[in-house]
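Asker: Following this message is one structure expressed as structure tokens.
What follows draws every value from the coordinates through simple rules; no lab data is involved. The structure displayed is predicted, hence computed values, not measured ones. In this analysis, Cβ positions are derived from the backbone assuming ideal geometry, glycine residues included, and neighbour counts consider all displayed protein chains.
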């Protein structure tokens, strides 16, 4: 006796299913996670276009940041990114970012993006934590250091030294 079944609208063979899984794994491997985060600079970040390549900008920034006594958390000249550890602006030393007064600790970030051959747009930010709350993701708990804050003055000093060192194209 013949069995009557309703034809399926979709037909997936085992080979197609395996191919799909392999394609997804391959795509995931191609998008390997790098040092640079997926978020962009905050809207109030300092911006300038410099006459240099992103890798050279990050290398120069690394020297400037270390010269100011900050510890580097992540530096990737290839990706155009630099991030410092938390820095206590009162004690003038790098910290784990676990202090009870979030106004004392800042983190500096620099993003360098090629805009055309030999010209790089650089964004610099000094961020504070809004609250002492380890349950929040770090970016959700950050704001720019306000004008006049020691962290704002620090990032401006480093950014100005970079502009002198590399060459600003700001008009």
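Asker: Can you give me the relative contact order of the stretch 123-166 as a percent, contacts being Cα pairs under 8 Å and 6 or more apart? Numbers along the way, then the final one.
Answerer: Working: 30 pairs, mean separation 16.8, N = 44.
Value for the stretch 123-166: 38 percent.
Asker: When ranked by the protection proxy of mean other Cβ atoms within 10 Å per residue, highest first, what sequence do the peptides 85-93, 40-48, 123-131 form? Kindly include the intermediate steps, with their values, before the conclusion.
Answerer: Numbers: 85-93: 16.4, 40-48: 14.7, 123-131: 20.0.
Result, highest mean Cβ count within 10 Å first: 123-131, 85-93, 40-48.
Asker: Determine the shape class of the stretch 46-167: with a ≥ b ≥ c the square roots of the Cα gyration tensor eigenvalues, call it rounded for a/c under 1.5, and otherwise prolate if a/b is greater than b/c, oblate otherwise. Mind showing how you got there, number by number?
Answerer: Values: a/c = 2.05, a/b = 1.80, b/c = 1.14.
Here the stretch 46-167 falls in the prolate category.
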